[in-house]
1. Examine segment A:142-149 for a residue that is at pLDDT 90 or above, exposed (fewer than 14 other Cβ atoms within 10 Å of the Cβ) and either part of a helix (DSSP H, G or I) or not assigned by TED's automatic domain parsing to the domain that holds A:CYS44 (or both), and state whether such a residue exists.
2. Could you grab me the full set of residues in segment A:150-162 that are aliphatic (A, V, I, L, M) and assigned to a loop (DSSP other than H, G, I, E, B)?
3. Out of curiosity, is A:LEU90 closer than 14 Å to A:VAL152 by Cα, in a helix (DSSP H, G or I) and either at pLDDT below 80 or not assigned by TED's automatic domain parsing to the domain that holds A:ALA136 (or both)?
4. Looking at A:ALA76, A:ALA82, A:ALA34, A:ALA48, can you tell me which residue is of a type in the set (Gly, Ala, Ser) and at pLDDT 95 or above?
5. Kindly evaluate B:GLN63 against the criterion of being under 30 Å from A:VAL29 (Cα atoms), surrounded by 10 or more Cβ atoms within 10 Å (Cβ to Cβ) and not hydrophobic (A, V, I, L, M, F, W, C).
6. From the list B:LEU5, B:LEU88, B:LEU42, pick out the single residue that is outside any loop (DSSP other than H, G, I, E, B) and outside the structural domain of B:LEU99 (by TED's automatic domain parsing).
7. Does segment B:13-39 hold any residues that are in contact with a Phe, Trp or Tyr (Cβ under 8 Å, 6 or more places away or on another chain), part of a helix (DSSP H, G or I) and under 30 Å from A:GLY164 (Cβ atoms), and which are they?
8. Is it the case that B:SER108 is more than 30 Å from A:SER142 (Cα to Cα), surrounded by 10 or more Cβ atoms within 10 Å (Cβ to Cβ) and either without any contact (Cβ under 8 Å) to a residue 24 or more places away in the chain or at the interface with chain A (Cβ under 10 Å from one of its Cβ atoms) (or both)?
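The values are calculated or read from the model by the stated rules, or taken from the named source; none is laboratory data. Everything numeric in this text was worked out from a predicted model, so none of it was measured. Cβ coordinates were reconstructed from backbone atoms using ideal geometry, including for glycine residues, and neighbour counts include every protein chain displayed.
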Amino acid sequence: MLSIYAESHELLVVGLARNGDREAFQDLVRRREAWVRSLMLRSCGDPALADDLAQQAFLQAWRKLDQLKQPKLFGAWLKRLAVNEWLQHLRKKDVPLADESWEVSPGNTTDLALVRDLESALAVLPPAPRLCVILAYQEQMSHPEIASLTGVPLGTVKSHIRRGAQTLREILAAYAIEGKRDD
Amino acid sequence: MTDDLDPTLQALFDEAPVPEASPAFQSRVMAALNQQSRRRKLTWFALDLLAVIVIWLASEPLQEFAMAMIPWMMSSLLELGDSLWAQLLAPVNNLASVLALTVLLGRSVYRRLIRS
């Protein structure tokens, strides 16, 4: 039964899911879960928490699917729900999102053995700059779009992305040099 | 997308592996969804039951209250005697009509304010 959905255009599957078709929604989960989990994993750096947040985003999607006016925007809408889940989690932990005076923990940057890939390098950044960098580089969102989605002022978004990208470059460059030395 | 992005970093993001599709995660979401639906049905059933009980308990006092209010609501606001005006204005010359018209007017204003 699911193969029928798998072969259908997403627009059609979204339409069916909006009408309460659970199998259609299951197919949407199948299509989008890797992307949502990746977004959440890079945002929070914890696989278990990322899966919990992604699950919450899909449950929200099922509850609010009838509010989705344009089925063709399902992806962007789902991304908004997922990012909101992450922001809600941060707010519960009292993490400041618009604080421009963040610093990278020195313990993290010097421990190059841990910075093996992009995920580990991203984990060095505080949550708010990390999210802004991910939305800009992974999701190709513009600065105003990120500001609108996260509720962080535009100037702060720009600052987060600029400084976040610079920090990532430094960390990854240092790791590359360290890696060449080991060779 | 018009903002300047660092090409090296962009390449890293493009090349970074994404998690593979996980049937276990899909099953987990669908199980949670079923559980959520069951919980919502149960909540609605409990609310319906509560509403029935409240209506059942309150029906008699409410009916008595309505019966007591009817003569007061239907009494004339302006004493016009038995004239033609009295007969023409009879449908609106009472407290119930004034209240009904106020509610309709208020709703209309509220909708206009919300839409604008």
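1. So the first thing to find is which residues in segment A:142-149 are at pLDDT 90 or above, and the list is A:142-149.
From what's left, exposed (fewer than 14 other Cβ atoms within 10 Å of the Cβ): A:144.
Remaining after also requiring either part of a helix (DSSP H, G or I) or not assigned by TED's automatic domain parsing to the domain that holds A:CYS44 (or both): A:144.
Yes, because at least one residue in segment A:142-149 is at pLDDT 90 or above, exposed (fewer than 14 other Cβ atoms within 10 Å of the Cβ) and either part of a helix (DSSP H, G or I) or not assigned by TED's automatic domain parsing to the domain that holds A:CYS44 (or both).
2. Applying the first criterion (aliphatic (A, V, I, L, M)) to segment A:150-162 yields A:152, A:154, A:157, A:161.
The one that is aliphatic (A, V, I, L, M) and assigned to a loop (DSSP other than H, G, I, E, B): A:VAL152.
3. Values: closer than 14 Å to A:VAL152 by Cα: yes; in a helix (DSSP H, G or I): yes; either at pLDDT below 80 or not assigned by TED's automatic domain parsing to the domain that holds A:ALA136 (or both): yes.
Against the criterion (closer than 14 Å to A:VAL152 by Cα, in a helix (DSSP H, G or I) and either at pLDDT below 80 or not assigned by TED's automatic domain parsing to the domain that holds A:ALA136 (or both)), A:LEU90 qualifies.
4. On the way: A:ALA76 fails: at pLDDT 95 or above; A:ALA34 fails: at pLDDT 95 or above; A:ALA48 fails: at pLDDT 95 or above.
Criteria check complete, one pass: A:ALA82.
5. Details: under 30 Å from A:VAL29 (Cα atoms): no; surrounded by 10 or more Cβ atoms within 10 Å (Cβ to Cβ): yes; not hydrophobic (A, V, I, L, M, F, W, C): yes.
Judged against the criteria, B:GLN63 is not a match.
6. Numbers: B:LEU5 fails: outside any loop (DSSP other than H, G, I, E, B); B:LEU88 fails: outside the structural domain of B:LEU99 (by TED's automatic domain parsing).
Just one listed residue meets the conditions, B:LEU42.
7. Result: B:PHE13, single match.
8. Values: more than 30 Å from A:SER142 (Cα to Cα): yes; surrounded by 10 or more Cβ atoms within 10 Å (Cβ to Cβ): yes; either without any contact (Cβ under 8 Å) to a residue 24 or more places away in the chain or at the interface with chain A (Cβ under 10 Å from one of its Cβ atoms) (or both): yes.
Answer is yes for this residue.
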